[in-house]
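Undergrad: Below is the structure I would like to discuss, written out as structure tokens.
The values are calculated or read from the model by the stated rules, or taken from the named source; none is laboratory data. What you are looking at is a predicted structure, and each value in this text was computed from that prediction instead of being measured. Note: ideal-geometry Cβ built from the backbone for every residue, glycine included; neighbour counts use all protein chains shown.
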Amino acid sequence: MSDTRRGLLIILSSPSGAGKTTLTRRLRDWDPSIQFSVSATTRAPRTGEEDGRDYHFLSENAFKSSVTEGEMLEHAHVFGNFYGSPKGPVSEAIEAGRDVLFDVDWQGAQQIKNSSLGQHVLSVFFLPPSIKELHRRLVSRGQDDAETIAKRMLKSWDEISHWDSYDYVLVNDDLDATEARLKSIVTAERLRRSQQPGLLDHVRHLQSEFEDMP
């Protein structure tokens, strides 16, 4: 039987400070063929940004038309601009057996799971071991001032409250152990029946062989 498989739509989510960025990097280091979905946006390109690499830059009319025609897996309006995930490139990647990573919140995750490609979604949510530890991590990384950290902490509970809408939930109390569990999940999900398009033909071949037995 052919080893050809369909790709996964991998959604990794967590509150700020729970380890998503590090785990995403480690997952891609483990398998560099896993690619990021390139989002579409109506905001203007920033210095150094390239269309098709950083974002697909669209006019507002073109973006809204894409949504109306069902060409966006998910979309949102943020700070006066539209953002979304074009379906076409993701569909092509899936059929070619390439996994695609999405950087979306729980609302975006739900839209993708409810889309026509939802059967290929793998969603994982990372929980911190405690709120105290979450706060410690935000402080120790030294990226935000006290006010920003306070805002992130307030937002974290809203994000955590949607944990049960994900396929898998991992408590990130040990980064190496969580990484190992994440890799195991991805490996197993790649073998999901719906991800193996050649299975039906293989079973039919087995049936034919069985019927031809003397």
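Undergrad: Hey, any hits in the range 18-25 for a residue that's β-branched (V, I, T) and in a strand (DSSP E or B)?
TA: no
Undergrad: If you scan the range 116-132, which residues turn out to be under 29 Å from R152 (Cβ atoms), of a type in the set (G, A, S) and not in a strand (DSSP E or B)? Walk me through how you get there before you give the answer.
TA: Step one: list which residues in the range 116-132 are under 29 Å from R152 (Cβ atoms), which gives 121-132.
Narrowing further to those that are of a type in the set (G, A, S): 123, 130.
Listed by number, the list holds a single entry, S130.
Undergrad: Moving on to the next point. Looking at the range 93-107, which of its residues are crowded, with 16+ Cβ neighbours inside 10 Å and either part of a helix (DSSP H, G or I) or polar (S, T, N, Q) (or both)?
TA: If the condition is that a residue be crowded, with 16+ Cβ neighbours inside 10 Å and either part of a helix (DSSP H, G or I) or polar (S, T, N, Q) (or both), then A93, I94, W106 are the ones that fit.
Undergrad: For the condition at pLDDT below 95 and more than 30 Å from A150 (Cβ to Cβ), what is the one hit in T42, T47?
TA: Values: T42 fails: at pLDDT below 95.
The unique qualifying residue is T47.
Undergrad: Further question on the same structure: In the set I149, I131, which member is under 28 Å from S184 (Cα atoms), among the β-branched types (V, I, T) and surrounded by fewer than 19 Cβ atoms within 10 Å (Cβ to Cβ)?
TA: On inspection, the qualifying residue turns out to be I131.
Per-residue answers, yes or no, for (1) acidic (D, E); (2) farther than 24 Å from A93 by Cβ; (3) in contact with a Leu (Cβ under 6 Å, 6 or more places away or on another chain); (4) part of a helix (DSSP H, G or I):
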{"residue": "G142", "(1), (2), (3), (4)": "no, yes, no, no"}
{"residue": "I149", "(1), (2), (3), (4)": "no, yes, yes, yes"}
{"residue": "K155", "(1), (2), (3), (4)": "no, yes, no, yes"}
{"residue": "D164", "(1), (2), (3), (4)": "yes, yes, no, yes"}
{"residue": "R181", "(1), (2), (3), (4)": "no, yes, yes, yes"}
{"residue": "L191", "(1), (2), (3), (4)": "no, no, no, no"}
{"residue": "L200", "(1), (2), (3), (4)": "no, no, no, yes"}
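Undergrad: Separate question: Considering D158, D167, D201, D173, which residue is among the acidic types (D, E), surrounded by 11 or more Cβ atoms within 10 Å (Cβ to Cβ) and within 16 Å of G19 (Cα to Cα)?
TA: When all the criteria are applied, what remains is D173.
Yes/no per residue for (1) of a type in the set (S, T, N, Q); (2) closer than 16 Å to S14 by Cβ; (3) in contact with a helix residue (DSSP H, G or I) (Cβ under 9 Å, 6 or more places away or on another chain); (4) at pLDDT below 95:
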{"site": "F82", "(1), (2), (3), (4)": "no, no, yes, no"}
{"site": "L101", "(1), (2), (3), (4)": "no, yes, yes, no"}
{"site": "V104", "(1), (2), (3), (4)": "no, yes, yes, yes"}
{"site": "K113", "(1), (2), (3), (4)": "no, no, yes, no"}
{"site": "S123", "(1), (2), (3), (4)": "yes, yes, yes, no"}
{"site": "F126", "(1), (2), (3), (4)": "no, yes, yes, no"}
{"site": "K132", "(1), (2), (3), (4)": "no, no, no, yes"}
{"site": "A146", "(1), (2), (3), (4)": "no, no, yes, yes"}
{"site": "A150", "(1), (2), (3), (4)": "no, no, no, yes"}
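Undergrad: OK, next. Consider only pairs whose beta carbons are under 6 Å apart and that are at least six residues apart or on different chains; among these, list those whose first residue lies in the range 194-206 and is touching a residue at least 12 places away in the same chain (Cβ under 8 Å) and whose second residue is part of a loop (DSSP other than H, G, I, E, B) and of a type in the set (A, V, I, L, M).
TA: From residues that are touching a residue at least 12 places away in the same chain (Cβ under 8 Å), the pairs are G198/M1; H202/M1.
Undergrad: While we're on this one: Among what's in the range 33-47 and is among the β-branched types (V, I, T) and part of a loop (DSSP other than H, G, I, E, B), pick the residue that is farthest from N81 (Cα to Cα).
TA: Step one: of the range 33-47, the residues among the β-branched types (V, I, T) are 34, 38, 41-42, 47.
Add one more test, that the residue is part of a loop (DSSP other than H, G, I, E, B), and what stays is 34, 38, 42, 47.
Values: I34: 28, V38: 16, T42: 6, T47: 18 Å.
Filtering the range 33-47 for residues that are among the β-branched types (V, I, T) and part of a loop (DSSP other than H, G, I, E, B), the one farthest from N81 (Cα to Cα) comes out as I34.
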